[in-house]
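Only one structure is covered here, and it is reproduced in the block below.
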Amino acid sequence: MFDSKKIRNDFPVTNLKFPVIGSEKERNLIYMDHGASTHAPLPVIEKYQKFLNGYYANVHRGHHHLSIVSTELFDHVSEIILDFIKGDPAENCIMYTQNTTMALDMAGHMVEQLSGITLTTLMEHHSNDLPHRARGKVVHVDVLDEDGTLDYADLERKLKQYHVKLVAVTGCSNVTGYFPDIHKIARMAHEYGAYILVDAAQLLAHASIDVKPNDHPEHIDFLAAAGHKAYAPMGSGFLFGPRKLFDAAPPYMPGGGTVKYVTADDVFFDKSPDRHQGGTPNIAGAIAVGAAINYLSDIGMDNVREHERELTDFTIQKLLKIPGLTLYGPKSADKKSGVLTFTIDGVYHELAATILNYEYAIATRNGCFCAHPLLHRLLNVSPEESAILRDKLVKGENAAIPGAIRATIGLYNTKEEIEILIEALSVIAAKKWKGNYEEKHDADLCRTSYYEFKI
Ligand SMILES: Cc1ncc(COP(=O)(O)O)c(C=O)c1O
């Protein structure tokens, strides 16, 4: 059962207040930037602090009390993760990383030696595109014009046309919230002899994941995610994948901890996961990831999903009624997470996000969300406009970067908070905000910002 009051009380961030323009009273922070990073609830913070206070020591090779406890706690995290995503520990393992980007990069490394191209999609975050481009030929599967969802016919066509080794696809778009059918894609990829890599950055904390047994046609071969988007602190992510491929690949980061034996002119590398993880891992971070996953498991991922689905549906219905606001992606909460991306006619995205912050204490994100190809497509940026923009940016000139505003729903958001968001967006759409915002251009950062100095 989803006890929203208890869950809200678990998050210290829900107590924060900020001064706002036009009011003597501070406003409660309404945090709707969960797509970027989520805050940790008390049980996770406590576990993290307990480790720092009581057990802090390096893992694996120490034979003193602290190292023994640290090792036990650290090694147990893999079991927690595997259990959560239903991965078979006999055939797979968990590799720890700093973030999702490093996990996606590591997956690219694991298939680098294989022949074939990587198929990714036009809706990916740059982190599930650029690491593959850095390693060889990448072809992009198209998205549909109407809502930026995946064009499965194009996927099929490209699987037929190319010798594909890896299909790298997001489990949930960080722009539209759309959930592609990762099991259908896995089946299609496997039929053509390719592996599938799922970017689960926006999925891990929002819907249940079942990677299925390794011999299942819909098995997910690789899955990448990070704690900072799943209610754990920043700095710890992971890659799930098959031991067979991990052991066949050259060490990702050779160094201390990756070997069984070294002489001056010979190295005998260990098996995975140690084989790839040179140096001291983020032990405290991994333990916090384990605690966050336990926190989510205790609530129940079906309950989490249902709560977010209901709030998303509520928000979509309200957003669609605001004159001049355009919502991107699917309009049905059944097909998407609580990632809500929109533009407001005649109001630059940066200004809208600034007003939401300074006048309502609502935290959103704006810009292109590290997904330029998808944003340009959704916003109808023509190739000519794109070329002009590119030229300006390369020359370091001022440019109004096309973009949108994104509000993302998390575990503890409420209908009351959504009502305030809607009220704020209605005021902005009607151009009736209170502050006087000064536009600032920073050519070095290629950024236009808005400031209101009255607070
Ligand atoms: C879909 C998606 N993939 C990858 C990333 C990169 O994640 P990280 O910051 O953990 O490297 C993000 C971050 O926003 C994301 O939303």
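The values are calculated or read from the model by the stated rules, or taken from the named source; none is laboratory data. From a predicted model like this one, the values you see are computed outputs, not experimental measurements. Note: ideal-geometry Cβ built from the backbone for every residue, glycine included; neighbour counts use all protein chains shown.
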_Checklist (1) more than 27 Å from GLU308 (Cα to Cα); (2) touching a residue at least 12 places away in the same chain (Cβ under 8 Å) applied to GLU24, failing item_ = (2)
*If you take the residues in segment 167-182 that are among the hydrophobic types (A, V, I, L, M, F, W, C) and within 20 Å of GLU156 (Cβ to Cβ), which one is farthest from the ligand (Cβ to nearest atom)?*
VAL167
*Among the candidates GLN98, GLN49, GLN113, which residue alone is within 16 Å of the ligand (Cβ to nearest atom) and surrounded by fewer than 19 Cβ atoms within 10 Å (Cβ to Cβ)?*
GLN98
*Identity of the residue in segment 200-259, buried (at least 19 other Cβ atoms within 10 Å of the Cβ) and of a type in the set (Ser, Thr, Tyr), that ends up farthest from the ligand (Cβ to nearest atom)*: THR258
*Examine segment 88-101 for a residue that is assigned to a helix (DSSP H, G or I), over 20 Å from the mean Cα position of the chain (by Cα) and not polar (S, T, N, Q), and state whether such a residue exists.*
no
_Residues located in segment 405-445, provided they are in a helix (DSSP H, G or I) and either at pLDDT below 95 or farther than 28 Å from ILE299 by Cβ (or both)_ = GLU423, ALA424, LEU425, SER426, VAL427, ILE428, ALA429
*How about segment 301-356: which of its residues are more than 16 Å from GLN202 (Cα to Cα), aliphatic (A, V, I, L, M) and assigned to a helix (DSSP H, G or I)?*
LEU311, ILE316, LEU319, LEU351, ALA352, ALA353, ILE355, LEU356
*Boolean, VAL198 is under 25 Å from HIS125 (Cα atoms), in a loop (DSSP other than H, G, I, E, B) and either under 21 Å from the mean Cα position of the chain (by Cα) or assigned by TED's automatic domain parsing to the domain that holds GLY285 (or both)*: no
*If you check GLY35 against the conditions, is it more than 16 Å from the ligand (Cβ to nearest atom), surrounded by 22 or more Cβ atoms within 10 Å (Cβ to Cβ), of a type in the set (Gly, Ala, Ser) and within 29 Å of GLY300 (Cβ to Cβ)?*
no
